[in-house]
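**Q** One structure, pasted below without further comment.
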Amino acid sequence: MIIICIELMILKLGVGEIKNIILLGMPYSGKSSVGEYISKRNKFNLFDSDELIEKIEDMSTNDICLSKGEEFFKNDECELLGIIKDQKNMILACGCGMPCHDDILSKFKKIGITVYLKVPIEILNERKEKDSSKTSVKGKGVNDLSELLGKRSKIYQKADITIDAEKLTIAELSSKVIKKVKEYK
């Protein structure tokens with residue numbers, strides 16, 4: 001089911017010749033906002049892994065993890081990667097845990113340039129407290145962001161590019177991502 005739905009979405013987008021960009025980072029780091037901003041201004045095809053999986057499963061990522069289990073969600077992420085891996089001209093805002101299992105980060109590096117949007121835990125917590133649309137991160141509370149960052153930052157730091165994203169607007173951050181990607185060899 002997930003394969004058919006995503007393939008239909010991809011067929012509507014088309015492909016180009018620009019190098020793919022894969023955005024990594026914690027919740028509230030700006031991956032989705034930056035991805036959307038860049039895609040609109042640079043004609044990239046935007047894929048947000050969490051949004052795609054939520055559409056397919058017809059439930060939030062939190063609800064998927066709570067009702068079907070985190071392993072089920074990880075399987076959806078792996079399946080999604082298998083489907084989008086041949087895309088061109090793509091920007092992927094990946095879920096915070098996606099690059100942390102099944103050697104997905106190395107697979108990302110084969111299909112594009114990985115960019116870690118690095119934001120300190122204090123800023124992530126501030127953003128979380130202001131965001132009423134997300135009541136939890138996969139069933140975990142604000143205090144658990146620190147624990148997640150501790151586990152995942154080692155993986156994120158292996159990205160091709162790291163950008164300190166805390167003091168930048170979405171427009172500034174998006175410009176910096178594009179600049180760094182163009183400079184990357």
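**Q** Can you tell me how many residues within the stretch 43-78 are in a strand (DSSP E or B) and either of a type in the set (A, V, I, L, M, F, W, C) or more than 27 Å from residue 174 (Cβ to Cβ) (or both)?
**A** 2
**Q** Right, something else. I'd like the full set of residues that are acidic (Asp, Glu) and in contact (Cβ under 8 Å) with a residue 40 or more places away in the chain, limited to the stretch 58-92.
**A** 70, 76, 79
**Q** Now for a different question. Of the residues 21, 53, which single one is within 16 Å of the chain's Cα centre (by Cα), farther than 14 Å from residue 116 by Cα and either open to solvent by less than 10 Å² (accessible area, probe 1.4 Å) or at pLDDT 95 or above (or both)?
**A** Being within 16 Å of the chain's Cα centre (by Cα), farther than 14 Å from residue 116 by Cα and either open to solvent by less than 10 Å² (accessible area, probe 1.4 Å) or at pLDDT 95 or above (or both) holds for just one of 21, 53, which is 53.
**Q** Moving on. State which residue is least open to solvent (accessible area, probe 1.4 Å) when the search covers only the stretch 97-120 and only residues that are over 25 Å from residue 175 (Cβ atoms) and in contact with a Leu (Cβ under 7 Å, 6 or more places away or on another chain).
**A** 104
**Q** Still on this structure: Would you check if residue 106 is at pLDDT 90 or above, under 19 Å from residue 153 (Cα atoms) and part of a loop (DSSP other than H, G, I, E, B)?
**A** Here the answer is no, as residue 106 does not meet what is asked.
**Q** Which members of the stretch 158-176 meet the condition of being under 17 Å from the mean Cα position of the chain (by Cα) and farther than 22 Å from residue 126 by Cβ?
**A** 158, 159, 160, 161
**Q** Restricting attention to the stretch 24-38, which residues are surrounded by fewer than 21 Cβ atoms within 10 Å (Cβ to Cβ) and under 23 Å from residue 83 (Cβ atoms)?
**A** Across the stretch 24-38, the qualifying residues are 32, 36.
**Q** Follow-up. With the structure loaded, tell me whether residue 176 is modelled with pLDDT of 95 or more, in a helix (DSSP H, G or I) and either open to solvent by 20 Å² or more (accessible area, probe 1.4 Å) or in contact with a Cys (Cβ under 8 Å, 6 or more places away or on another chain) (or both) or whether it fails that test.
**A** Yes: the conditions hold for residue 176.
The values are calculated or read from the model by the stated rules, or taken from the named source; none is laboratory data. Not measured: the values here are computed from a predicted model. Glycine also receives a Cβ, built like all others from the backbone with ideal geometry; neighbour counts cover every protein chain displayed. Side chains included, ligands, DNA and RNA excluded: accessible areas come from the protein's heavy atoms. Shrake-Rupley method; radii C 1.70, N 1.55, O 1.52, S 1.80 Å.
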